[in-house]
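What follows draws every value from the coordinates through simple rules; no lab data is involved. Quantities reported herein were computed from a predicted structural model and do not represent experimental measurements. Every residue, glycine as well, gets a Cβ built from its backbone with ideal geometry; the counts of neighbours run over all protein chains shown.
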Amino acid sequence: MPKFFLDIIENDELAIDNDGTDFEDHHRAHREAVMTIAAMAAEEIPKNGKLVLTVAVASKPVISCLRRMSG
């Protein structure tokens, strides 16, 4: 089963998924990302202030991708 990494950005805070999670395919990983955003939004919406949520789905850890882009 392939491993996917779900990196979360909440407003300007980046939480990198270093461990990854096994999903059947990219579609299942994407579904989990959507459910993650929905759960986070439901928890944060009652609070005052700006809320910008992003979940990036990748088949490699972001650190590996950044290294590849820079070198």
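Annotations for the structure displayed:
- FRET efficiency estimate (nearest 0.05) - Cβ-Cβ, residue 39 to residue 59, R0 25 angstrom: 0.65
- Highest-MSF residue in the chain out of 39, 29, 56 [GNM, Cα springs under 10 Å]: 39
- Extreme residue, positive dipole direction of region 3-70, given options 61, 45, 6 (C-beta unit charges): 61
- Size of charge dipole - the chain - debye, nearest 20, with Cβ of Lys, Arg +1 and Asp, Glu -1, no other charges: 260
- Pairs of Cα atoms nearer than 8 Å and 6+ residues apart set the relative contact order; for the chain it is 44 percent.
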